[in-house]
Amino acid sequence: MKKKYHITRRKAIVAGLTSLGGILLTGCVKKSPPTYGNLLRMGDALTYAAHRALLPGQSLVKEYQQSDISAFPATGTTNPGDPARRGDHEVAYSEAYARLHSGSFNDWRLQVEGRVARPGAYSLADLKGFSARTQITRHTCEEGWNAIAEWTGVPLRTVLNSAGIMTTARYVNFYAYDGYMESIDMLDAFHPQTILAYGMNGQDLPVPHGAPVRLRVETQIGYKSVKYLQRIVVTDEFVDTGDTGWAWYTGI
Ligand SMILES: Nc1nc2c(c(=O)[nH]1)N[C@H]1C(S)=C(S)[C@@H](COP(=O)(O)O)O[C@H]1N2
Ligand SMILES: [Mo]
């Protein structure tokens, strides 16, 4: 699904640490995640507590008009509960997802756990109970296509704050019903346009696009926008998703 990305990371990391220098990074060298060459992301090694001062200053990605909304292909998994996937060892068939789908996702719950004071399970109604954000943005897939849609959902930071995110948190990991997993750092997690989306173009999020809830990370390439969300784990450990071969950080 994802291709190889060749770069000598170690040199970039060392150069990044040297140029940022600084007291803040002292002692973090061994724990630094591979940032795949993006020197500005050296803050990845910092905790939520250390990031908090930077968070309000983040700039927004471009938002579009209704008239810019385009056709939008569904790629990767388009239904984890598709019976045709059963028995195929190449893809993960999810009976749990099939059941939730047939129950109109009434029994769907989003687990939020890890470095939070109040781990919990959020229903669709719970998520819709928070103030919503709607944004029209461009999705860019690493395979070379892009498309514009309107997304509605709850900012991830609202949910993380509600769960009582701990100051030691460094990453948020997202697990999906099709076995897909991705992680983001605190800057992206608290970005105002990073949302848990349950609506697309004014409708409920359709199954091919990740129903009932998907992540939208507008600051990054499409594969960070995890569909079919099942579980969110706040962590202080970097989990390398590089088994797929794509870079962990690919900002746009
Ligand atoms: N659970 C899950 N999330 C996923 C994928 C996937 O296969 N499974 N594909 C990713 C990729 S590479 C892209 S480009 C987008 C595609 O979203 P779309 O199907 O709504 O176009 O979802 C991302 N999130
Ligand atoms: Mo993609």
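The values are calculated or read from the model by the stated rules, or taken from the named source; none is laboratory data. Model, not experiment: these values are computed from the prediction. Neighbour counts are summed over all protein chains in view; Cβ atoms, including those assigned to glycine, are modelled from backbone coordinates with ideal geometry.
Per-structure values
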| item | result |
| --- | --- |
| Qualifying residue in the range 154-176 (condition: β-branched (Val, Ile, Thr), assigned to a loop (DSSP other than H, G, I, E, B) and either under 27 Å from Ser70 (Cα atoms) or more than 13 Å from ligand 1 (Cβ to nearest atom) (or both)) | yes |
| Failed item in (1) away from ligand 1 (no atom under 16 Å from the Cβ); (2) surrounded by fewer than 16 Cβ atoms within 10 Å (Cβ to Cβ), with Tyr122 passing the rest | (2) |
| Selection count where residues are within 16 Å of ligand 1 (Cβ to nearest atom) and at pLDDT below 90, scope the range 27-85 | 2 |
| Inter-residue pairs, beta-carbon under 7 Å, first on the phi > 0 side of the Ramachandran plot and in the range 154-172, second of a type outside the set (D, E, K, R), 6+ apart | Gly164/Val116; Gly164/Ala117 |
| Among residues of the range 109-136, those that are within 19 Å of Gly199 (Cα to Cα), in contact (Cβ under 8 Å) with a residue 40 or more places away in the chain and in contact with a helix residue (DSSP H, G or I) (Cβ under 8 Å, 6 or more places away or on another chain), counted | 3 |
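A quick yes/no check of all residues on (1) under 18 Å from Thr78 (Cβ atoms); (2) of a type outside the set (Lys, Arg); (3) within 11 Å of the chain's Cα centre (by Cα):
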site	(1), (2), (3)
Arg138	no, no, no
Leu156	no, yes, yes
Ala169	no, yes, no
Val172	no, yes, yes
Tyr175	no, yes, yes
Ile184	no, yes, yes
Leu187	no, yes, no
Arg216	yes, no, yes
Gly222	yes, yes, yes
